[in-house]
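Right, one structure below, let's go through it.
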Amino acid sequence: MLLAGMFTLTFTACGGGDDTPEPTPTPTPTPVDTTTQEKPDTTATPTPVVVAEGWPEAYDGVMLQGFYWDSYSDSRWAQLTAQADELSQYFQLIWVPNSGKTSDFAHTGRQTMGYDPCYWLDHNTCWGTEDELRKMITAFKANGTGIIEDVVINHKNGLTTWVDFPDETYGTYTITWDNQNYSAICRNDECNSHGYKTTGANDTGDNFDGYRDLDHTNAQVQENVKTYLSFLLKELGYVGFRYDMVKGFAARYIAEYNATALPRFSVGECWDGNKAVVTNWINGTKREGKIQSAAFDFPLKYKINAAFGASSWNQLNNISVLANDPSYQRYAVTFVDNHDTYRENTRLRSNVCAANAYILMMPGTPCLFLKHWQAYKGTLKRLIALRKAVGINSQSEIKSAQATDGGFILNVEGKKGSVSLILGNPTDITMTGDQQLVIAGKDFQIYTGLDVDISAVKAITDEDADPEDDSPVAVPDFCTVATGETCAFFEAPTSWGNIKCWRWDNQYNYTGNSWPGVDCTLLGTSAKGRKVWKWTYNEGDRRSQTSPNAGIIFNDGSNQTADLEFKNGGYYTEDGLQAVVAAQ
């Protein structure tokens with residue numbers, strides 16, 4: 001591979017898409033109010049109607065998802081506040097969990113992730129008190145970073161029953177509900193088959209059977225949502241919203257709510273791999289001809305999994321994603337993983353730093369994931385610093401993007417220079433002498449022109465807590481299995497704490513049936529410097545239960561593996577089964 005300067009590649013315009021690209025959103029002149037009861041004053045300047053625009057034009061900030069599933073320690077308001085100085089150097093936006101009190105927390109203090117919303121004006125939760133929330137928002141604001149609230153308005157939980165929503169008053173803010181006729185709940189909600197009779201209209205989107213689907217056609221629901229959003233922005237100090245499960249109700253309601261609340265930032269979780277579904281949702285949020293919300297680039301997420309997880313590099317050259325389409329780059333919030341995908345089979349399990357390098361060198365607004373930040377902080381800091389050094393923003397130009405034999409090459413033009421990203425191990429690369437290698441890692445290299453000031457990148461000395469390593473996993477000699485023993489081994493990431501095991505099948509749980517399971521035994525340290533733990537089955541831990549599947553999970557109470565297939569004597573890492581230790 002010859003590296004002598006700028007890549008001599010021609011740009012193929014992101015072909016290979018499987019859906020027809022939508023037309024470029026056409027800006028519409030802002031309407032003005034010229035009505036008056038008196039003779040118009042032709043010398044006065046017309047007052048424009050204020051219309052939100054969903055996401056700033058050519059936005060150059062980077063967002064952090066400041067939580068993961070069950071991150072009850074790492075994402076407490078006080079814990080995030082303590083990191084405000086550091087995080088604000090790299091992130092201009094931080095998306096935090098829903099901060100409203102849930103009914104479970106109100107009654108028993110049980111921790112949940114907030115996707116079971118109950119209160120909209122009470123913000124004393126498992127993440128901290130309202131005072132701690134305000135201090136966190138203020139601390140980040142002082143450092144130039146805004147906080148994005150996880151807004152869950154598709155559905156709502158009752159306080160003591162399925163359907164009794166609490167009335168709330170906070171200063172001048174008031175929210176009331178119809179808890180007699182249940183007119184705020186969709187007519188086709190599943191609670192109607194459980195003894196309740198709702199009188200709302202049919203759902204305008206996908207049904208969610210976890211909690212009560214709100215009827216967004218209802219005037220009182222609309223007024224309550226507007227009150228809630230105004231409270232978040234004006235009273236608590238949030239700068240914008242991440243709307244949960246937006247496929248659950250029509251996009252036109254996001255348009256109405258944002259046009260009233262006027263958040264600077266709005267992004268919807270339109271979870272769909274089909275670009276047309278996502279862009280149709282984005283266009284559905286238009287108000288006065290202007291788009292009112294960005295969306296997460298889920299189509300790109302699936303391409304990232306295929307490219308970085310299975311070396312299908314041509315997937316990145318596909319126009320059927322938002323970030324590759326100049327018509328929608330402004331409204332594309334790109335990501336490698338989030339709280340949901342990280343705990344499911346949609347999680348990226350290899351080349352994580354390379355994938356983050358890709359979204360950070362691309363148009364769109366990158367949203368980094370807290371677990372990645374914790375594991376690869378040194379690399380991610382350098383990548384963010386390089387994005388800023390080159391001047392890449394959400395609408396920067398992709399000069400060329402081409403899959404080659406063994407890899408992918410991307411060239412992007414920023415406001416301060418150009419950047420070239422090499423992914424995988426492509427062949428036949430020719431460069432001229434006016435490029436400098438800035439960052440290199442597992443399966444990626446990044447070059448810029450010599451005119452780009454990379455001093456801020458070079459000044460970062462942080463190391464990754466859990467560096468990516470491609471070398472084969474070697475089972476330590478101290479991992480042994482006795483004849484007749486039922487057991488498993490787990491080589492834990494360095495950032496994890498004491499390991500517990502959760503093991504089950506269709507009839508029994510073999511680890512006490514009380515999450516997070518039973519303690520494992522620390523055996524020693526692997527060749528990679530990671531702690532190795534062993535779980536051995538004890539007959540006293542077996543409990544009868546029924547389950548449609550079977551498997552094993554290793555966790556430390558906060559972090560956990562996916563549901564893994566159990567093999568007796570199995571040697572596991574976070575990525576799954578690596579080997580089987582034979583009984584002696």
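Among residues of segment 495-518 that are on the phi < 0 side of the Ramachandran plot, those with a Cβ under 6 angstrom from a residue that is crowded, with 19+ Cβ neighbours inside 10 Å and β-branched (Val, Ile, Thr), sequence gap 6+ or separate chain, pair up as CYS501/THR511; TRP502/THR511; TRP502/ILE553; ARG503/THR511; ARG503/ILE552; VAL518/THR511.
Every residue, every condition in (1) part of a loop (DSSP other than H, G, I, E, B); (2) among the hydrophobic types (A, V, I, L, M, F, W, C); (3) within 21 Å of VAL475 (Cβ to Cβ), yes or no:
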position: ARG503; (1), (2), (3): no, no, yes
position: ASN513; (1), (2), (3): yes, no, no
position: GLY524; (1), (2), (3): no, no, yes
position: ALA527; (1), (2), (3): yes, yes, yes
position: SER547; (1), (2), (3): yes, no, no
position: ILE553; (1), (2), (3): no, yes, yes
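In segment 362-376, the residue that is most open to solvent (accessible area, probe 1.4 Å) out of those that are assigned to a helix (DSSP H, G or I) and touching a residue at least 40 places away in the same chain (Cβ under 8 Å) is GLN374. As a summary of the residue check, ASP244 satisfies the conditions (1) within 20 Å of the chain's Cα centre (by Cα); (2) surrounded by 22 or more Cβ atoms within 10 Å (Cβ to Cβ) except for the one numbered (2).
The condition (being at positive phi and open to solvent by 10 Å² or more (accessible area, probe 1.4 Å)) is satisfied by just one residue among GLY406, GLY433: GLY406. Within segment 542-584, restricting attention to residues that are of a type in the set (A, V, I, L, M) and open to solvent by less than 70 Å² (accessible area, probe 1.4 Å), which residue is modelled with the lowest pLDDT? Top of the filtered list is ALA562. The set of residues in segment 95-141 being surrounded by fewer than 24 Cβ atoms within 10 Å (Cβ to Cβ) and assigned to a strand (DSSP E or B) consists of THR102, GLY128. Every test in (1) touching a helix residue (DSSP H, G or I) at 6+ places or on another chain (Cβ under 6 Å); (2) within 26 Å of ARG347 (Cα to Cα); (3) of a type in the set (Ser, Thr, Tyr); (4) open to solvent by 10 Å² or more (accessible area, probe 1.4 Å) is passed by THR260 save one, and that test is (2).
Go through segment 278-306 residue by residue and tally those that are among the polar types (S, T, N, Q), open to solvent by less than 20 Å² (accessible area, probe 1.4 Å) and closer than 15 Å to VAL336 by Cα.
Within segment 278-306, the first condition is being among the polar types (S, T, N, Q), and the residues that meet it are 279-280, 283, 285, 292-293, 305.
Cutting the leftovers down to open to solvent by less than 20 Å² (accessible area, probe 1.4 Å) gives us 279, 285, 292-293.
Next, from what is left, pick out any that are closer than 15 Å to VAL336 by Cα: none.
Residues flagged as among the polar types (S, T, N, Q), open to solvent by less than 20 Å² (accessible area, probe 1.4 Å) and closer than 15 Å to VAL336 by Cα within segment 278-306 amount to 0.
Selection of segment 337-350 for residues being touching a helix residue (DSSP H, G or I) at 6+ places or on another chain (Cβ under 8 Å) and either open to solvent by 10 Å² or more (accessible area, probe 1.4 Å) or of a type in the set (A, V, I, L, M) (or both) yields TYR342, THR346, ARG347, LEU348, ARG349, SER350. The set of residues from segment 342-361 being at pLDDT 95 or above and outside any loop (DSSP other than H, G, I, E, B) comprises VAL352, CYS353, ALA354, ALA355, ASN356, ALA357, TYR358, ILE359, LEU360.
Scanning segment 69-94 for residues that are within 17 Å of LYS371 (Cα to Cα), open to solvent by 40 Å² or more (accessible area, probe 1.4 Å) and assigned to a helix (DSSP H, G or I) returns GLN79, GLU86. Quick one: would you say THR546 is β-branched (Val, Ile, Thr) and closer than 17 Å to ALA492 by Cα? Spelling it out, it is not the case that THR546 is β-branched (Val, Ile, Thr) and closer than 17 Å to ALA492 by Cα.
Across segment 307-328, the qualifying residues are those that are in a helix (DSSP H, G or I) and open to solvent by less than 30 Å² (accessible area, probe 1.4 Å), and the one among them that is farthest from PHE444 (Cα to Cα) is ASN317. Among the numbered conditions (1) in contact (Cβ under 8 Å) with a residue 40 or more places away in the chain; (2) out of contact with any Gly (no Cβ under 6 Å at 6 or more places or on another chain); (3) assigned to a loop (DSSP other than H, G, I, E, B), the only one that PHE478 does not meet is (2).
Taking the stated definitions as given, is PHE241 over 13 Å from ARG187 (Cβ atoms), not in a strand (DSSP E or B) and not hydroxyl-bearing (Ser, Thr, Tyr)? Show your work before the answer.
Working: over 13 Å from ARG187 (Cβ atoms): yes; not in a strand (DSSP E or B): no; not hydroxyl-bearing (Ser, Thr, Tyr): yes.
Against the criterion (over 13 Å from ARG187 (Cβ atoms), not in a strand (DSSP E or B) and not hydroxyl-bearing (Ser, Thr, Tyr)), PHE241 does not qualify.
Meeting the requirement of 3 or more residues that are open to solvent by less than 10 Å² (accessible area, probe 1.4 Å), at pLDDT 95 or above and in contact with a strand residue (DSSP E or B) (Cβ under 8 Å, 6 or more places away or on another chain), the strands (runs of 3 or more DSSP E) wholly within segment 143-228 are 146-151.
With respect to the stated conditions, ILE282 is in a helix (DSSP H, G or I), closer than 17 Å to GLY205 by Cβ and not basic (Lys, Arg).
In the set TYR358, TYR331, only one residue is aromatic (Phe, Trp, Tyr), under 30 Å from THR260 (Cβ atoms) and surrounded by 24 or more Cβ atoms within 10 Å (Cβ to Cβ); that residue is TYR331.
Among the numbered criteria (1) touching a strand residue (DSSP E or B) at 6+ places or on another chain (Cβ under 7 Å); (2) at pLDDT 95 or above, which one does ASN317 miss? Here ASN317 clears every test but (2). Scanning segment 228-247 for any residue that is within 18 Å of ASN157 (Cβ to Cβ) and of a type in the set (Gly, Ala, Ser) turns up nothing. Every test in (1) at pLDDT below 95; (2) of a type outside the set (Ser, Thr, Tyr); (3) under 15 Å from ASN559 (Cα atoms) is passed by PHE369 save one, and that test is (1). Of all residues in segment 68-83, those satisfying the criterion of being in contact with a helix residue (DSSP H, G or I) (Cβ under 6 Å, 6 or more places away or on another chain) and of a type in the set (Phe, Trp, Tyr) are TYR68, TRP69, TRP77.
The values are calculated or read from the model by the stated rules, or taken from the named source; none is laboratory data. The structure displayed is predicted, hence computed values, not measured ones. All Cβ positions, even for glycine, are placed from backbone atoms using ideal geometry, and neighbour counts span all protein chains on display. Keep in mind that these areas ignore ligands, DNA and RNA; they rest on the heavy atoms of the full protein, side chains included. Shrake-Rupley method; radii C 1.70, N 1.55, O 1.52, S 1.80 Å.
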